[in-house]
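Q: Take this structure first; my questions come after.
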Amino acid sequence: MLTEGKRREKVKNHKTVLQEFVTVLVRDPKVQKEDTWHSYIDYEIFIHTNSMCFTRKTSCVRRRFREFVWLRQRLQSNAVLIQLPELPSKTPFFNINNPQHVDHRRQGLQEFLQQILQNPLLLSDSRLHLFVQTQLNPEEIEACVSGHTKYSVADAIQQFASLKRRFPVEHEEKKNENYADSDSESSSSGLGHNSDDSISHGCKASTVSEES
């Protein structure tokens, strides 16, 4: 029979083993066709966690740079006392044909997410969870958070994060292109290229990384 001291030590060790973690990877940049003349790059966001803050413990979505810009703006407006980490700088010299440019941006986006996903106050913002665990676009995220959709935040994450496609739109809405500057580039590229503009890409199989 365990003494009281040993029981407490066992409980303490058990809690240590179950210490919460959040692994986020930004990877697999792909060129997407926007129209006849313009293309852009999106990135896969892979989340693996045991944190109680997250509805799903593993998820995989794709986002483009201007959606990150939108997310940072919204998080900053809702947490004015917090200095958010910067995104990689947007430059007119960015070239989607240049693997170094693309990887530098990818690394910057990953570092941005790694930092904000460690902040308890930012983790309380539903926009962040919908951003990293669903394919809702910014307008749909705002509608969901504001309670203007038939589905809740938890519904959106549970039902659609693993389907690698956008949530069905209840009412056809014209996309609002004003939430951030366009990140489109006129180019063809040696990077993976997909002519389907809908963000509906399967996530590649992954071995869980301990990278923070």
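The values are calculated or read from the model by the stated rules, or taken from the named source; none is laboratory data. This is a predicted model, so every value here is computed, not measured. So basically every Cβ, Gly included, is an ideal-geometry build from the backbone, and we count neighbours across all protein chains shown. We work out accessible area using only protein heavy atoms, side chains counted, and drop any ligands, DNA or RNA first. Shrake-Rupley method; radii C 1.70, N 1.55, O 1.52, S 1.80 Å.
Q: I'd like the accessible area for LYS30: 1.4 Å probe, protein heavy atoms, all chains in place, Å² to the nearest 10.
A: Accessible area of LYS30: about 60 Å².
Q: Treating only the Cβ of Lys, Arg, Asp and Glu as charged (+1, +1, -1, -1), what charge dipole size does the stretch 40-88 show about its Cα centre? Round to the nearest 20 debye. Walk me through the numbers on the way to the answer.
A: Working: 8 positive and 4 negative charges, 30 e Å.
About 140 debye.
Q: Ordering HIS129, HIS104 by how much accessible area each has at a 1.4 Å probe, largest first, what is the list?
A: Putting HIS129, HIS104 in descending order of accessible area: HIS104, HIS129.
Q: How far apart, in nm, are two points set 7 Å out from the Cα along the Cα-to-Cβ line at SER51 and at ASN98?
A: 3.3
Q: So if each residue of separation counts as 0.36 nm, and I subtract the Cα-Cα distance between ALA154 and GLN83, what length gain in nm does that give? Mind showing how you got there, number by number?
A: Working: separation 71, 0.36 × 71 = 25.56 nm, distance 2.77 nm.
Stretched fully, the ALA154-GLN83 segment lengthens by 22.8 nm.
Q: Please work out how much accessible surface ARG106 shows to a 1.4 Å probe, ignoring ligands, DNA and RNA, in Å² rounded to 10.
A: 40
Q: Rounded to whole Å, give me the distance from the Cα center of the stretch 19-71 to that of the stretch 105-158.
A: So the separation of the two Cα centres works out to 10 Å.
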